[in-house]
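Since every read-out is calculated from the coordinates, none of them should be taken as a lab result. Keep in mind that this is a model prediction, so the values were computed, not measured. Heads up, the Cβs are rebuilt from the backbone with ideal geometry, glycines too, and the neighbour counts pull from every protein chain shown.
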Amino acid sequence: MLHICILLVGVFVAIALLIGFRPTRRVGRWLGFISGGLLVMVALAYGYFMRPISMPTAPQVNAETALNTTRANLAKLDFYLGAGVYTADDINHLAFDGFFNSYSSINELKIGSVLRDPQARSYDFSQADTFIARAEQKNLRIRGHALVFGKLSDLYERPNLQAWLDANYADAIQKSTALQSLVDHHIDTMLTRYKGRIGQWDVVNEPLGLFGQGALENNVFLRNLGPDYIANAFKRAHNTDSQAKLFLNEQFDTYVGPRAEAFIRLVQQLKNQGVPLHGVGLQHHMLFTLTTAQETKIFIERLAAMGLEVEITELDARLRLFSDKDNPYLAQAEYYRDIIKTCYDIQACKGVTFWGLHDQDAWHKELPWMFPNPNAPYLFDEAKRAKIAVQLLADEIGGWQARKLFLPM
Ligand code: GLA
């Protein structure tokens, strides 16, 4: 319903704009045409991508063996299959136990979850500590996500660091000094507290603007600290924990084109400057289109050839993207299998993490106007029952041979 209303509003606004301009004013008329046309296009695109789609419910599978064997199989393969969780309870929930061997916390290690007050620099680690303790009890790998994340501050306001700076500091120099000091303090705090327990961190998350040609995102860090905020965060992290593997994490809906090339240039520039960058995380949220496994392979190989580790860190592909297939659940499962196998076939690609465990907790629900159902992106359904993807992945991983040494060209 919402999408139809927005579509209609778009069309009405476009018509109003067109007739609102007096025909004698040529520029105004052209502007009216152009903006009206753009609005219609946006409204149509919105109507297309957001239209309601009905799909069958997930076919039931008996995945008991898959759940009992996959983690053990992964242990022999030097490969991580992970999931992001909202709550520590999911780590040892029987519905998933025995499957994944790596966990990320979707929110609890982010600055907004631990920092109570940027001015007083007071922290509350209770949730973060619980998450880490649960994973440790099970002897599972933890990915640290994320230390410096512009959108978290600018868009989600967790916390709004720009507002904090504006309220407390008078000029640009003071703001920059205060923000740099907070960032350094935060990196030191997290890496000191979890030294030896979290072996790998997303140091900077989503440095590029989500849209456009790949310019650095205009976020609170770029505005106040300049582009060196990225290199400085890595250096600081390395000084505090020289053993931790430090990752740059970014979302792509395609690995070809100017934005992907801009990312490669950014990585190369950081490498040339001697920045301690050890790996790249490719989020791989598939939201409106599907990137092919072949495209993904080429991009991972390019990063691997630069001497970097790679992980797919936030995999999900909405079920709607497979709505033209006879069995969308199977097609989604096969897509996941192909992406994971692509990673496994490249020695430098160390693991794949799904950005959620079960459809009840899909992060897409935070933005329902952008991601209307059916999203159903995960391996387990709303009732935490295994979908066909669990079986398919378990069979696939069960058949893998140990990897051969990969020598970058
Ligand atoms: C990005 C971030 C995650 C998470 C998701 C969804 O992918 O890396 O931390 O916030 O967006 O909201």
Expected output is a single nm value to one decimal: the length gained when fully extending between Asn62 and Ala95, i.e. 0.36 nm times separation in residues minus the C-alpha distance. What is it? 10.7 nm
Nothing charged except the Cβ atoms of Lys and Arg (+1) and of Asp and Glu (-1): what's the magnitude of the dipole of the range 227-280 about its Cα centre? Round to the nearest 20 debye. 160 debye
List every DSSP H helix in the chain whose Cα atoms extend 27 Å or more along the helix's own long axis and whose mean Kyte-Doolittle hydropathy is at least -0.5. 26-49, 172-193
Using only Cα atoms, locate the centre of the range 156-179 and the centre of the range 22-95, then give the distance between them in Å, rounded to an integer. 33 Å
Over 29 Å between Cα atoms, which of Lys138/Lys271; Lys110/Lys384; Lys235/Lys341 qualify? Lys138/Lys271; Lys235/Lys341
What residues from the range 83-98 fall in the zone where the backbone N is under 20 Å from a label point 7 Å along the Cα-to-C-beta line of Ala75? 83, 91-98
What full-extension length gain, to one decimal in nm, is calculated for Lys195 and Ile53 as 0.36 nm per residue of separation minus the Cα-Cα distance? 46.4 nm
Return the single residue from Thr296, Thr69, Thr57 with maximal mean-square fluctuation; model: Gaussian network over the chain, springs between Cα atoms under 10 Å. Thr57
Would you calculate the separation in nanometres between label points at Trp369 and Leu210, each defined as 7 Å from the Cα along the Cα-to-beta-carbon direction? 1.3 nm
Mind checking the range 348-409 for GluC sites (Glu not before Pro) that DSSP puts in a loop (not H, G, I, E or B) and that have at most 13 other Cβ atoms within 10 Å? none
Can you divide the C-alpha Rg of the chain by 2.2 N^0.38 Å and report the result to two decimal places? 1.05
Efficiency of FRET from Cβ geometry, Ala172 and Ser323, R₀ 60 Å, rounded to 0.05: 0.75
As an exercise, use a Förster radius of 22 Å and the Cβ-Cβ distance of Asp188 and Ala163 to find the FRET efficiency, rounded to the nearest 0.05. 0.40
Kirkwood hydrodynamic radius over Cα pairs of the range 155-268, then Stokes diffusion coefficient at 10 °C and 1.306 mPa s, in µm²/s: 103 µm²/s
Taking the beta-carbon count within 10 Å as an exposure proxy, list Lys387, Lys195, Lys76 from fewest neighbours to most. Lys76, Lys195, Lys387
Given Cβ point charges of +1 (Lys, Arg) and -1 (Asp, Glu) and nothing else, what value in debye, to the nearest 20, does the dipole of the chain about its Cα centre take? 780 debye
If I build a Gaussian network model for the chain, linking alpha-carbon pairs within less than 10 angstrom, which residue out of Ala128, Ala163, Ala394 has the largest mean-square fluctuation? Ala163
Gaussian network model of the chain, Cα within-10 Å springs - most flexible of Asp124, Asp345, Asp381: Asp124
